[in-house]
1. Looking only at region 49-88, filter to residues that are in contact (Cβ under 8 Å) with a residue 40 or more places away in the chain and surrounded by fewer than 18 Cβ atoms within 10 Å (Cβ to Cβ); which one of those is nearest to Ala132 (Cα to Cα)?
2. In region 141-153, which residues are free of Cβ contacts under 8 Å to residues at least 24 places away in the same chain and either among the basic types (Lys, Arg) or outside any loop (DSSP other than H, G, I, E, B) (or both)?
3. Go through region 102-121 and count every residue that is without any contact (Cβ under 8 Å) to a residue 40 or more places away in the chain and touching a helix residue (DSSP H, G or I) at 6+ places or on another chain (Cβ under 7 Å).
4. Note down all Cβ pairs under 7 Å where the first residue falls in region 189-207 and is farther than 15 Å from Ile149 by Cβ, the second is among the hydroxyl-bearing types (Ser, Thr, Tyr) and crowded, with 16+ Cβ neighbours inside 10 Å, and they're at least six residues apart or on different chains.
5. Against the definition (within 16 Å of the chain's Cα centre (by Cα) and more than 30 Å from Asp55 (Cβ to Cβ)), how does Asp141 come out, yes or no?
6. From Asp141, Asp115, grab the single residue that is of a type outside the set (A, V, I, L, M, F, W, C) and at pLDDT 95 or above.
7. So which of His102, His135, His97, His114 ends up being of a type outside the set (D, E, K, R) and buried (at least 19 other Cβ atoms within 10 Å of the Cβ)?
Amino acid sequence: MRHTLVGLLVAAAALHAAADSAGDLKDLERKARGSPVEVATQYGRLFAKAQKKNDLVRERAVYRSFKRALGFSDPAVVEALMNELAPKRNGAFASAHFCAAHLLLQKSQGGSEHDIKRAAKVLQTHAGNTKAGKHAKAMADYARGMVAIADGKDQEAAGALNKALAAMVAEDWSVPAMHVGTELAALHVRNEQGREAAQAMKSVARTLGPKDDTSLSYVWRR
């Protein structure tokens, strides 16, 4: 009887905590439109807390709420979320390196004016993790190239982007290869290096095969 009572009390406490947590998330969703960056920072802290406790249920709830409230379209929001997450941690639903990669791709795809130097540092830190794989290292080279472009260091940028593109082509990572190859080609065109620009585009094309979604090549051409 005593054990049953204790079990019921524990279950009731858990349900009460879950209700409080859901209320907190609803409150953030209401505030998101007025203060998106501030709210993104609070979401980042909630993600970090859930990840530290290995609480996947809570992390999933935070992720779903964040998607409803803010999403990943605003670079300032994504960076605010990224800044609260540990660069070397792989979250189940959100991670600093995912946010950093997203910022980088946004910069290439949409011409975002957002400064990606913080994102580059996160990707470089993540790539230094002993558990990080080829993709992490390729993304770090991509980031290094983008920072070099921003700093006007074209030769350094070309070297980093070439290295990233080679790794992506070797693994048939078509989407990031499109972004990197386009940045590299644009860099060569700006420096009147037509042959090198064409080679970058050919490298990207090798990642697209007959079984790939045709919309990929349409988006790339556009």
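1. Our first condition is that a residue be in contact (Cβ under 8 Å) with a residue 40 or more places away in the chain; within region 49-88, this holds for 51, 61, 65, 69, 76-77, 79-85, 88.
Checking the rest, the ones that are also surrounded by fewer than 18 Cβ atoms within 10 Å (Cβ to Cβ) come to 76, 83, 88.
Details: Ala76: 26, Asn83: 20, Lys88: 9 Å.
That would be Lys88.
2. Narrowing region 141-153 to residues free of Cβ contacts under 8 Å to residues at least 24 places away in the same chain: 148, 151-153.
Within region 141-153, Ala148, Lys153 qualify.
3. As a first pass, look at region 102-121 and keep what is without any contact (Cβ under 8 Å) to a residue 40 or more places away in the chain: 102-103, 106-107, 110-118, 120-121.
Then keep just the ones that are touching a helix residue (DSSP H, G or I) at 6+ places or on another chain (Cβ under 7 Å); that gives 102-103, 106-107, 112, 114, 116-118, 120.
Adding up the residues that qualify gives 10.
4. Thr207/Ser174
5. On the way: within 16 Å of the chain's Cα centre (by Cα): yes; more than 30 Å from Asp55 (Cβ to Cβ): yes.
When the stated conditions are applied, Asp141 passes them.
6. Details: Asp115 fails: at pLDDT 95 or above.
After ruling out the rest, the residue left standing is Asp141.
7. On the way: His102 fails: buried (at least 19 other Cβ atoms within 10 Å of the Cβ); His135 fails: buried (at least 19 other Cβ atoms within 10 Å of the Cβ); His114 fails: buried (at least 19 other Cβ atoms within 10 Å of the Cβ).
Residue meeting the stated conditions: His97.
This table checks each residue for (1) part of a helix (DSSP H, G or I); (2) of a type in the set (D, E, K, R); (3) closer than 26 Å to Glu183 by Cβ.
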{"residue": "Val37", "(1), (2), (3)": "yes, no, no"}
{"residue": "Leu46", "(1), (2), (3)": "yes, no, no"}
{"residue": "Tyr63", "(1), (2), (3)": "yes, no, no"}
{"residue": "Glu79", "(1), (2), (3)": "yes, yes, yes"}
{"residue": "Leu85", "(1), (2), (3)": "no, no, yes"}
{"residue": "Leu104", "(1), (2), (3)": "yes, no, yes"}
{"residue": "Leu123", "(1), (2), (3)": "yes, no, yes"}
{"residue": "Lys131", "(1), (2), (3)": "no, yes, no"}
{"residue": "Ala138", "(1), (2), (3)": "yes, no, yes"}
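The values are calculated or read from the model by the stated rules, or taken from the named source; none is laboratory data. Nothing here was measured: the structure is a model prediction, and the numbers come from that model. Reconstructed Cβ throughout: ideal geometry from the backbone, glycine too, with neighbour counts over all protein chains shown.
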